[in-house]
Amino acid sequence: MIKPDGVHRGLVGDVIKRFEQRGYKLVGIKVLVPSRELAAKHYAEHDGKPFFPKLVDFLSSGAVVAMVFEGKDIVRTGRTMVGATNPLASSPGTLRGDYGIDVGRNVIHGSDSVESAMREIALWFKADELADYTPAWIYE
Ligand code: UDP
């Protein structure tokens with residue numbers, strides 16, 4: 001998910017491009033301004049932590065782009081492409097390492113396990129909003 005700072009800064013195209021060029025298949029995408037309730041559910045594991053209220057405020061403060069990508073080892077590789085939680089600890093070449101400085105404005109969210117990906121996909125998408133297809137545009 002591209003967070004409000006990433007959308008506001010015009011980074012949507014670059015994020016999608018990186019996943020596409022790596023070989024991952026985009027099967028779901030939507031733009032929405034999440035409600036506080038949806039933002040709180042998304043980050044439920046952090047409920048009670050000092051940064052939680054600001055995190056929920058921020059995520060619901062503007063448009064986000066929620067996406068589902070498919071492909072071999074997508075969760076692990078996706079996290080590598082996203083970078084460390086704190087952008088200052090993220091290597092150049094990662095999204096956060098290329099575009100971020102502050103932990104509360106780290107541009108993008110990426111699911112940290114297959115289990116959390118399944119939970120998050122169900123939270124953000126209905127089943128019929130995910131496309132089931134085989135890429136077939138290179139060969140006839
Ligand atoms: N966060 C924050 N302050 C902190 C830790 C986390 O603002 O001290 C925010 C940050 O934007 C992060 C999000 O909370 O992306 C969720 O934290 P998590 O530890 O799950 O990191 P992530 O999975 O996003 O790398």
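The values are calculated or read from the model by the stated rules, or taken from the named source; none is laboratory data. Note that the coordinates shown come from a computational prediction; the quantities given were computed from them, not determined experimentally. Every residue, glycine among them, receives a Cβ derived from its backbone with ideal geometry; neighbour counts consider all protein chains shown. Note: accessible area is taken over every heavy atom of the protein model, side chains too, but ligands, DNA and RNA are not part of it. Shrake-Rupley method; radii C 1.70, N 1.55, O 1.52, S 1.80 Å.
Could you work out the local net charge near Ile74, counting Lys and Arg as +1, Asp and Glu as -1, over the other residues with Cβ closer than 11 Å to its Cβ? Kindly include the intermediate steps, with their values, before the conclusion.
On the way: positive: Arg22, Lys25, Lys72, Arg76, Arg79; negative: Glu70, Asp73.
After counting each charged neighbour, the total is +3.
Pop out the ³J(HN,Hα) list for region 106-111 in order, Karplus 6.51 cos²θ - 1.76 cosθ + 1.60 with θ = phi - 60°, rounded to Hz; leave Gly and Pro as x.
Once θ is set to phi - 60°, the couplings for region 106-111 become 9, 6, 8, 10, x, 4 Hz.
Based on the Kirkwood radius over alpha-carbon pairs, what is the Stokes-Einstein translational diffusion coefficient of the chain at 20 °C with 1.002 mPa s viscosity, in µm²/s?
Values: Rh = 15.6 Å.
Rounded, D is 137 µm²/s.
At 222 nm, what helix-only mean residue ellipticity would the chain give, in deg cm²/dmol to the nearest 500, using -39500 (n - 2.57) for each DSSP H run of four or more?
Values: 7 runs with 56 residues, N = 140.
Mean residue ellipticity, 222 nm, calculated: -10500 deg cm²/dmol.
Have a look at His42, Tyr24, Gly100 and report the one farthest towards the positive end of the charge dipole of region 12-140, computed about the Cα centre with Cβ charges (Lys/Arg +1, Asp/Glu -1).
Towards the positive end, the residue furthest out is Gly100.
For Leu26 and Glu140, compute 0.36 nm times the residue count separating them, minus their Cα-Cα distance, and round to one decimal in nm. Spell out each step's value before the answer.
Values: separation 114, 0.36 × 114 = 41.04 nm, distance 2.08 nm.
Between Leu26 and Glu140, full extension yields an extra 39.0 nm.
What are the ³J(HN,Hα) couplings of region 40-55, residue after residue, when phi is run through the Karplus curve with 6.51, -1.76, 1.60 and θ = phi - 60°? Round to Hz, x for glycine and proline.
With coefficients 6.51, -1.76 and 1.60, one gets 5, 5, 4, 9, 3, 5, 9, 4, x, 7, x, 8, 4, x, 5, 5 Hz.
From the P(r) of region 1-83, can you give the percent of Cα pairs sitting at distances over 20 Å? Intermediate results must be reported in sequence, preceding the final value.
Numbers: 1363 of 3403 pairs.
It works out to 40 percent of all Cα pairs.
Using modelled backbone amide H atoms (1.01 Å from N, in-plane), which distant-in-sequence or interchain residues come within less than 5 Å of Leu130's amide H?
none
Top to bottom by accessible area (1.4 Å), largest first, where do Lys49, Lys126, Lys17 land?
The most accessible residue leads, giving Lys126, Lys17, Lys49.
Please compute the modelled spin-label separation between Arg9 and Arg119, points set 7 Å along Cα→Cβ, answer in nm with one decimal.
Here the answer is 2.7 nm between the modelled labels.
Arrange the residues Arg76, Arg119 by how much accessible surface each exposes, largest first, with a 1.4 angstrom probe.
Ranked list, largest accessible area first: Arg76, Arg119.
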